[in-house]
Amino acid sequence: MKHHLISATDLTRDDAVLILDTAEELARVADRPIKKLPTLRGRTVVNLFFEDSTRTRISFEAAAKRLSADVINFSAKGSSVSKGESLKDTALTLEAMGADAVVIRHHDSGAPHRLATSGWIGGCVVNAGDGTHEHPTQALLDAFTLRRRLVGGRNGGAGADLSGRRVTIVGDILHSRVARSNVHLLTTLGAEVTVVAPPTLLPIGVSHWPCEVSYDLDAVLAKSDAVMMLRVQRERMNAAYFPTEREYARRYGLHGARMARMPEHAIVMHPGPMNRGMEITAEVADSPRCTAVEQVSGGVSVRMAVLYLLLGGAWPADTARTDENGQPA
Amino acid sequence: MDARESPARSVLEAPDIARALTRIAHEIVERAKGADDVVLLGIPTRGVFLGRRLAAKLRDITGHPVPVGSLDITMYRDDLRLRPARALAPTDIPGDGIDGRLVVLVDDVLFSGRTIRAALDALGDIGRPRAVQLAVLVDRGHRELPIRADYVGKNIPTSLRETVKVLLTEEDGRDGVLLGVREHTPAGER
């Protein structure tokens, strides 16, 4: 595995399966009386959040703490960033404090890549969502849930990938970092991905993505093993992408009658936060086929796996620090 | 274990391993006065198979099933930072847990004792056994920690340049213990 996790394309099939298998083992820690492992003792993980987030930040924090890492939470609100500090100066500050890993969420696409390749910091960088670019750990936890539900068996399908499974991603593909990461990761894992959206909500160049594109939700529903509904990101919308919300909901929303046309075993996924009544009705959101809550609980295990695999072993940047950190006890 | 080894010499054959495990099973029953509260936990990879074999023998001797599971110690190792992150093996604690029970850890080779130290730490996070004992197929010496085995299949005095390789049918297709000589000794590794 690479030293950073910036994009889902950084991962090979074997990397991705290793992360999912590791997450499957780490998921059991949650069932134990002491939900903690000593593995990252003495490592510092900084959560650098320039954008609001509930699930991702809490889940990275829980993951790092369960591995005994020290966690420093940094949110742009109430920090020197609101006084005009640049990403570079913030990064240099973190480096001076000895951050071993920086988990970054940023409103600009490419900020994590800049952080990882600029030489400002020596630790590893984990992308927790950058602008409309990528959100690789979300894709990993979606794949984790998909594998548990669709492959299943002992150990949640350990060792297996998602070959032959058909996943449909519906909604605001244009603004969705979740969609982009999922298309790449799920394809790497062997799944066949179809994205469905109104033409205005598809990004330029989507034809080069390794997936099918459709404008008609009903046509693909019947042959999907999983349908992933995306939120319409009103905060990123600066133009009229569709006539009315009602029309969007009718053509691209998932309601009970549509769900009934899906195959018996198919699941409904949602990365959250949901807009009930918009892309998903309450009936579907509350049905047992909707895995939104399951996805969140899998998120902690997947992020533990990512932090363990990036930080747990020896890595090249560590050799320079071995002396000050000392040999392991 | 290691890439380059000179031709290895067999020190235990399949029947020897079977006899050693039978003896260990009897010793466990004797010391635990019936093995009623015994839980066997094998340390992956080969300790798990040895644990299952011991459980089968204990069932034959005592007439009741003995809980058996596995305990992965990767996350508790003290040499994690010396190598790239490793894949995890399954940890599988029997349904009734280990609280108040006699846990017998099972491993193939006892060497530095560091694996067992890690296993004791891992156990502490899972529950509070009444007592913990250790059963190993081979004790090759060279302890680096104050740890000893309660049940030993065979003591094999070795030099540090030698390697001990346990083969089990479940993993390697046949039973046996091989003693080889390592041709290179990478610093800081085992």
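The values are calculated or read from the model by the stated rules, or taken from the named source; none is laboratory data. What you see is a predicted model; the values in this text were computed from it and never measured. Heads up, the Cβs are rebuilt from the backbone with ideal geometry, glycines too, and the neighbour counts pull from every protein chain shown.
Return the pairs, sorted by first residue and then second, in which the second residue is surrounded by 13 or more Cβ atoms within 10 Å (Cβ to Cβ) and of a type in the set (Ser, Thr, Tyr), the first residue lies in the range A:25-36 and is assigned to a helix (DSSP H, G or I) and modelled with pLDDT of 85 or more, the beta carbons are less than 6 Å apart, and the residues are 6+ apart or on different chains. Partner pairs satisfying both residue conditions: A:LEU26/A:SER301; A:ALA27/A:SER301.
I want to confirm something. Restricting to the range A:26-39 and keeping residues that are within 9 Å of chain B (Cβ to nearest Cβ) and of a type in the set (A, V, I, L, M, F, W, C), which single residue is surrounded by the most Cβ atoms within 10 Å (Cβ to Cβ)? This residue is A:LEU26. Among the residues of the range A:12-24, the ones that are within 7 Å of chain B (Cβ to nearest Cβ) and either aliphatic (A, V, I, L, M) or without any contact (Cβ under 8 Å) to a residue 40 or more places away in the chain (or both) come to 1 in all. Looking across A:GLY272, A:GLY277, one residue alone is assigned by TED's automatic domain parsing to the domain that holds A:PHE144 and within 21 Å of the chain's Cα centre (by Cα). It is A:GLY272.
Checking the conditions here, which among A:VAL46, A:VAL81 is closer than 30 Å to A:GLU235 by Cα, surrounded by 19 or more Cβ atoms within 10 Å (Cβ to Cβ) and not small (Gly, Ala, Ser)? Let's see the steps before the verdict.
Numbers: A:VAL81 fails: surrounded by 19 or more Cβ atoms within 10 Å (Cβ to Cβ).
Of A:VAL46, A:VAL81, the one residue that is closer than 30 Å to A:GLU235 by Cα, surrounded by 19 or more Cβ atoms within 10 Å (Cβ to Cβ) and not small (Gly, Ala, Ser) is A:VAL46.
Would you confirm, using the coordinates I've provided, whether B:GLY100 is more than 16 Å from the chain's Cα centre (by Cα), surrounded by fewer than 18 Cβ atoms within 10 Å (Cβ to Cβ) and in a loop (DSSP other than H, G, I, E, B)? Considered against the rule, which asks whether it is more than 16 Å from the chain's Cα centre (by Cα), surrounded by fewer than 18 Cβ atoms within 10 Å (Cβ to Cβ) and in a loop (DSSP other than H, G, I, E, B), B:GLY100 comes out as yes.
Among the candidates A:SER82, A:SER59, A:SER109, the residue that is polar (S, T, N, Q), under 30 Å from B:GLY95 (Cα atoms) and either more than 14 Å from chain B (Cβ to nearest Cβ) or not in a loop (DSSP other than H, G, I, E, B) (or both) is uniquely A:SER59. Taken over the range B:53-92, the criterion of being more than 12 Å from every other protein chain (Cβ to nearest Cβ), over 14 Å from the mean Cα position of the chain (by Cα) and of a type outside the set (A, V, I, L, M, F, W, C) is satisfied by B:LYS57, B:ARG59, B:ASP60, B:THR62, B:GLY63, B:HIS64, B:PRO65, B:PRO67. Scanning the range B:118-138 for residues being touching a residue at least 40 places away in the same chain (Cβ under 8 Å) and over 16 Å from B:PRO67 (Cα atoms) gives a total of 6.
Report whether or not B:LEU120 is closer than 22 Å to A:GLU25 by Cβ, modelled with pLDDT of 95 or more and not small (Gly, Ala, Ser).
yes
List pairs: first in the range A:70-99 and on the phi < 0 side of the Ramachandran plot, second acidic (Asp, Glu) and surrounded by fewer than 16 Cβ atoms within 10 Å (Cβ to Cβ), Cβ under 9 Å, 6+ apart or cross-chain? The qualifying pairs are A:SER75/A:ASP52; A:LYS77/A:ASP52; A:SER79/A:GLU85; A:SER80/A:ASP89; A:LEU87/A:ASP108; A:THR93/A:GLU85.
Which ones in the range A:150-184 are among the basic types (Lys, Arg) and within 14 Å of chain B (Cβ to nearest Cβ)?
A:ARG154 - this is the single residue of the range A:150-184 that is among the basic types (Lys, Arg) and within 14 Å of chain B (Cβ to nearest Cβ).
Scanning the range A:76-122 for residues that are of a type in the set (Lys, Arg) and out of contact with any Asp or Glu (no Cβ under 7 Å at 6 or more places or on another chain) returns A:LYS77, A:LYS83, A:LYS88, A:ARG114. Within the range B:37-57, one or more residues are among the hydrophobic types (A, V, I, L, M, F, W, C), touching a strand residue (DSSP E or B) at 6+ places or on another chain (Cβ under 8 Å) and without any contact (Cβ under 8 Å) to a residue 60 or more places away in the chain. The residues listed here are A:ALA64, A:ALA116, A:ALA91; of these, the one that is part of a helix (DSSP H, G or I) and in contact with a His (Cβ under 7 Å, 6 or more places away or on another chain) is A:ALA116. Within the range A:14-55, being more than 30 Å from B:ILE98 (Cα to Cα) and hydrophobic (A, V, I, L, M, F, W, C) holds for A:ALA16, A:VAL17, A:VAL45, A:VAL46, A:LEU48, A:PHE49, A:PHE50. For first residues located in the range B:80-97 and farther than 18 Å from B:THR45 by Cα and assigned to a loop (DSSP other than H, G, I, E, B), partners that are acidic (Asp, Glu) and at pLDDT below 90 and lie 6+ apart or on another chain with Cβ distances below 9 Å form the pairs B:ARG83/B:GLU189. Of the set (1) free of Cβ contacts under 8 Å to residues at least 40 places away in the same chain; (2) touching a helix residue (DSSP H, G or I) at 6+ places or on another chain (Cβ under 9 Å); (3) not aliphatic (A, V, I, L, M), all apply to A:GLY152 but (2).
Within the range A:185-210, the set of residues being in contact with a helix residue (DSSP H, G or I) (Cβ under 8 Å, 6 or more places away or on another chain) and buried (at least 22 other Cβ atoms within 10 Å of the Cβ) comprises A:LEU185, A:LEU186, A:THR188, A:LEU189, A:ALA191, A:VAL193, A:VAL195, A:VAL196, A:ALA197.
Looking across the range B:6-21 at every residue that is of a type outside the set (A, V, I, L, M) and more than 18 Å from B:GLU170 (Cβ to Cβ), the one that is modelled with the lowest pLDDT is identified as B:SER6.
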